[in-house]
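Notes follow the structure.
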Amino acid sequence: MTTPVSTLTLNPAIDVTYEVSQLVADDKVNSKEANIFPGGNGINVSRALKRLGKDAHTCCIFARETGSLIRRLLRDEDIYPVTLEVPGRNRVNCTIQQRRPPEEFKVAGIGPDITAETLEQITTIFLNLAGTGYGVLSGSTLPGTPEDLYTDLAIKLRAQGARAVVDTKDAMLRETVEAKPFLIKPNKYELEVMCGRSLPTLEAIADEARKVQQMGIDNVCVTLAEEGAILVDDNDSYYAPAPKVRVRCSVGAGDTMLAGLISAFSDGKPLDEVLRLGLACASGSISRDGTELFHPGELEALMEKIEVTGLSI
């Protein structure tokens, strides 16, 4: 039987990416290339899982015309979201990739307002669809959403026998740790904020990841950008550097890594192989334009380039 996966995207987006030679103040700059994709962290996790051969229940809040466009873009990828419709507009996020000098600029929009009743409805749907599988809580929420929302949902997921997967930051991440989720995926900076100190070495990062894991979290994955990632569970800990690829766009890389981790965990893979697949998915995605995400056919070659090392922590 296939393990169900449910993703929650309270703040979906239309992701637009422009590639320009150089931005010039007060001057119109023509884009060499423009891409448009459905966005939002949970949506990207679902898109990546689809490419890994796994369907996820994609729970979203859609707003009028912008929501209709996101729905059409998802259907182009054979994803059929479970949605509630609200007034207003979903956000439009813009990423500008400058080539000389190489820099990336990001502007994020603001999503629609939703009522407490709508929030209760969509989270109930999300929990029901997660069942005893995986419930993915990732990315930003909407203005006015309770800060303890992910904590509350993680507790409910655990109570119903599901595995809560959390990828958020700041206060929401710190509070959700108390719910003892199955997996969290902070980056190095987010881990430093959690522990209140700088982590200048790989050993310091790994030690702190172990401390967080011992708070009752099954798995802690710390992403280190081009330096790779660390993955820790009850018994083992591993580090792997990221394979060298030509970086095109970083948007969505964390979401695809999360999807790779979830896919490997659901298949019962050993921890080192879980990390290997996650890094391969992320590396494949950053080599693509916009949030196009990785191509499944390239994963095997990327995984062969990833050397996973056990850590003594």
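Values quoted throughout were computed directly from the atomic coordinates according to the rules given, and no laboratory measurement underlies them. Please read these numbers as outputs of a predicted model, since none were measured by experiment. Neighbour counts are summed over all protein chains in view; Cβ atoms, including those assigned to glycine, are modelled from backbone coordinates with ideal geometry.
Annotations
- log10 of Debye I(q)/I(0), alpha-carbon scatterers only, for the chain at 0.08, 0.11 Å⁻¹: -0.34, -0.65
- Selection from ILE36, LEU129, PRO12, by position along the positive dipole direction of the chain (Cβ): ILE36
- Pair ILE110, ARG246: separation of 7 Å Cα→Cβ label points (nm): 4.0 nm
- For LYS28, the lysines whose Cα comes closer than 24 Å to its Cα, not counting residues fewer than 8 places off in the same chain, are LYS106.
- Counting only DSSP beta bridges whose two residues both lie in the range 164-313, roughly 65 percent are antiparallel.
- At full extension, GLU33 and ASP148 could sit 37.4 nm farther apart than now, given 0.36 nm per residue minus the alpha carbon distance.
- Taken about its Cα centre, the range 1-115 carries a charge dipole of roughly 180 debye when the Cβ of each Lys and Arg holds +1 and the Cβ of each Asp and Glu holds -1.
- Beta bridges assigned by DSSP with both partners in the chain are antiparallel in approximately 40 percent of cases.
- Residue among PRO241, PRO102, PRO186 with the largest mean-square fluctuation in a Gaussian network model of the chain, springs linking Cα atoms under 10 Å: PRO102
- The range 68-218, dipole about Cα centre (Lys/Arg Cβ +1, Asp/Glu Cβ -1), debye to the nearest 20: 360 debye
- Overall form of the range 28-69 per C-alpha gyration tensor (a/c, 1.5; a/b vs b/c): oblate
- Each Lys or Arg adds one and each Asp or Glu subtracts one; over the other residues with Cβ under 13 Å from the Cβ of GLY40, this totals 0.
- Dividing the summed -39500 (n - 2.57) terms of all DSSP H runs of n ≥ 4 by the residue count of the chain sets its mean residue ellipticity at 222 nm at -11500 deg cm²/dmol.
- Summing Cβ point charges (Lys, Arg +1; Asp, Glu -1) relative to the Cα centre of the chain gives a dipole of roughly 480 debye.
- Leading residue at positive end of dipole, the chain (Cβ point charges), from LEU275, ASN235, PHE62: PHE62
- Inter-probe distance in nm under a simple model that places probes 7 Å from Cα toward Cβ, at MET215 and ARG75: 4.3 nm
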